[in-house]
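Values quoted throughout were computed directly from the atomic coordinates according to the rules given, and no laboratory measurement underlies them. Just so it is clear, the structure is predicted and the values come from calculations on it, not from any experiment. Here Cβ is always computed from backbone atoms with ideal geometry, including for glycine, and neighbour counts include all displayed protein chains.
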Amino acid sequence: MKAAAKHTCRIISLFLSFAAVCCCMLTVRPVNSAGEQNISLREYADRIAYLVNSARAEAGVEPLLVVPYLNECAEIRSQECAEVFSHTRPNGDRGIYIVDDEVILHSAVAENIACGNSTPDATFAQWKNSSPHWAAILNPDYNYIGVGVYYNPDSEYNWYWTQLFIKADGAVENAYSPSEYTIVPKCSGDLTGDGRVDCFDYIIMKREFVNRFRGLNALQQESADVMADGTLNISDLVIMRGYILGKFKHVPMTLSDLINNR
């Protein structure tokens with residue numbers, strides 16, 4: 001019986017692999033829509049802000065609040081750094097001048113830029129290993145932050161990151177505290193955090209399969225493991241697609257469930 005069960009598991013595994021490869025050849029391609037890319041980049045940016053506040057907490061410094069306007073400014077600066085990697089803007093102005101005093105009244109601004117690394121943690125380590133950048137991150141005078149990330153595969157360094165710190169002279173509207181994870185799945189397969197498993201989750205799953213799942217946070221990676229086997233691979237993509245199409249009754253769908261047709 002055990003031998004037969006192992007043989008059955010092997011057959012199912014081979015079947016899933018074959019079906020997955022076919023699925024991949026027919027339908028999996030990089031997803032480049034601006035909306036989907038912006039979701040991932042904003043998640044990356046918020047992760048940076050979270051790491052900043054974690055470091056400040058360890059140093060006994062007050063946390064920073066994230067300001068959407070500063071995020072927009074930082075995103076522009078990251079795009080400009082893809083053209084010229086410098087604290088000077090393409091028009092010749094200093095990078096910190098992008099923050100308009102008429103939008104947020106402030107008395108101090110600092111800018112950290114980085115390039116090359118494709119993850120928030122690796123980029124944060126770059127800044128941590130640089131004394132001037134680390135000093136800005138831990139500076140107790142600043143009370144607000146904005147973070148922007150830009151990816152351009154045709155540029156010299158591909159990935160560009162910007163932090164903007166300010167000392168505002170008063171409270172800033174719409175400021176928020178960064179959390180460790182922007183997207184928190186509510187069930188297996190829910191990669192968008194909306195409590196459902198649908199085509200939007202499948203689109204993200206396809207994109208992340210191409211990117212080796214590097215764009216998912218830890219909770220999303222756990223949710224994406226719809227085979228509940230502790231790994232992320234093409235089989236999870238096949239199972240999610242089957243569930244959305246009604247071929248499977250539930251997720252997660254384990255090998256045992258497949259063997260017993262449950």
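Which of the three applies to segment 88-165, rounded, prolate or oblate, going by the alpha-carbon gyration tensor with a ≥ b ≥ c and a/c under 1.5 meaning rounded?
Since a/c reaches 1.5 but b/c is at least a/b, the shape of segment 88-165 is classed as oblate.
What's the magnitude of the charge dipole for segment 139-209 around its Cα centre, counting Lys and Arg as +1 and Asp and Glu as -1 at the beta-carbon? Answer in Debye, nearest 20.
Approximately 140 debye in magnitude.
Return the FRET efficiency for the residue pair residue 86, residue 229: r is the Cβ-Cβ distance, R0 is 41 Å, and the value is rounded to the nearest 0.05.
Efficiency, from the Cβ-Cβ distance: 0.30.
At 0.36 nm per residue, minus the direct Cα-Cα distance, what do residue 255 and residue 76 gain on full extension? Give it in nm, one decimal, please.
My answer for the length gained is 59.7 nm.
If you take the beta carbon distance between residue 103 and residue 131 as r and set R0 to 30 Å, what does 1/(1 + (r/R0)^6) give as a FRET efficiency, to the nearest 0.05?
It comes out at approximately 0.45.
Give the residue from 124, 219, 200 lying farthest towards the positive end of the charge dipole for segment 114-248; charges sit on Cβ (+1 for Lys and Arg, -1 for Asp and Glu) and the dipole is referred to the Cα centre.
Among 124, 219, 200, the one farthest towards the positive end of the dipole of segment 114-248 is 200.
Contact order normalised by length for segment 114-262, with contacts defined as Cα pairs under 8 Å and 6 or more residues apart; what percent is it?
15 percent
So, with +1 on the Cβ of K and R and -1 on the Cβ of D and E, and no other charges, what is the size of the charge dipole of segment 77-141 about its Cα centre, to the nearest 20 debye?
280 debye
Counting only C-alpha contacts under 8 Å and six or more residues apart, can you give the relative contact order of segment 145-217 as a whole percent?
Dividing the mean separation by the residue count of segment 145-217 yields 16 percent.
Taking the Cβ of residue 143 as the centre, find all other residues whose Cβ is under 15 Å away and add up their charges (Lys, Arg: +1; Asp, Glu: -1).
-2
Are there GluC sites (Glu not before Pro) in segment 37-122 that DSSP puts in a loop and that have at most 14 other Cβ atoms within 10 Å, and which ones?
Those satisfying the criteria are 102.
With a ≥ b ≥ c taken as the square roots of the eigenvalues of the C-alpha gyration tensor of segment 56-126, please select rounded if a/c is under 1.5 and otherwise prolate if a/b is larger than b/c or oblate if it is not?
oblate
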